[in-house]
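Structure first, then comments.
The values are calculated or read from the model by the stated rules, or taken from the named source; none is laboratory data. Source: prediction; values computed, not measured. Positions of Cβ are backbone-derived with ideal geometry, glycine not excepted, and every protein chain shown enters the neighbour counts.
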Amino acid sequence: MAISIEHFTRALLASKGALVERDGDALVVVADPELSGALGLAEYQRLVFEPTHGDPHTVTVDYDAPIFDRMGRLVAQMGRMAVAGAARADLKPIDPEAELERALTIVNSVYRFRTCVVVEAAYVGSLVE
C-alpha cells in the first residue's frame, strides 16, 4: 500500500509532537522550536503539496524539496522497524481428554475432565541488530 507524501508528512510531524491540521489544499503546522529548526520551518507554517501554489508564505513539499531531505534525517533518527504478517495456520482439532490420558500420568488418582475452552495464541517474533 503506497501512501502519499502528504500523509507521510502529516504522520511524521504528528509523531514528533507537532499540531497538524488540514486547511483546504494545505497542512497548517504548529511545531516547537526544536522541530521547526530541524526542518527549517517557522513555528506556524503552511505546507502545500502542489508546486504551482503561489503563496510565498507557504512551503512546498515534494520529493525534490529541501524539507523532504530534512524529514529524511528525522526518520533516520527514529530507528528501523518492519512488520510482517504471517498466513493464518489451520489448527488441527484435538481431543483434550485423549491428550490428557496420553500425556499425563497420575498414580492412584481419578481425574474428571470438566470443560474445554478454545483459545488462540499470538506469536510475536523480533530481530534486533
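Structure notes:
- Each residue in region 6-24 was checked for being surrounded by fewer than 15 Cβ atoms within 10 Å (Cβ to Cβ), part of a helix (DSSP H, G or I) and of a type in the set (A, V, I, L, M), and 2 pass.
- Set side by side, the residues Arg80, Arg73 differ, and just one is in contact (Cβ under 8 Å) with a residue 12 or more places away in the chain and out of contact with any strand residue (DSSP E or B) (no Cβ under 6 Å at 6 or more places or on another chain), which is Arg73.
- Long-range neighbours under 6 Å by Cβ, at least six apart or interchain, first residue at negative phi within region 8-19, second charged (D, E, K, R) and crowded, with 19+ Cβ neighbours inside 10 Å: none
- Residue that is farthest from Val28 (Cα to Cα), among those in region 38-74 that are among the aromatic types (Phe, Trp, Tyr) and surrounded by 14 or more Cβ atoms within 10 Å (Cβ to Cβ): Phe68
- Taken as a whole, the structure places Glu99 among residues that are over 26 Å from the mean Cα position of the chain (by Cα) and within 27 Å of Val124 (Cα to Cα).
- Matching helices (runs of 4 or more DSSP H) fully within region 25-124 where at least 1 residues are modelled with pLDDT of 75 or more and farther than 22 Å from Ser4 by Cα: 33-39, 96-103
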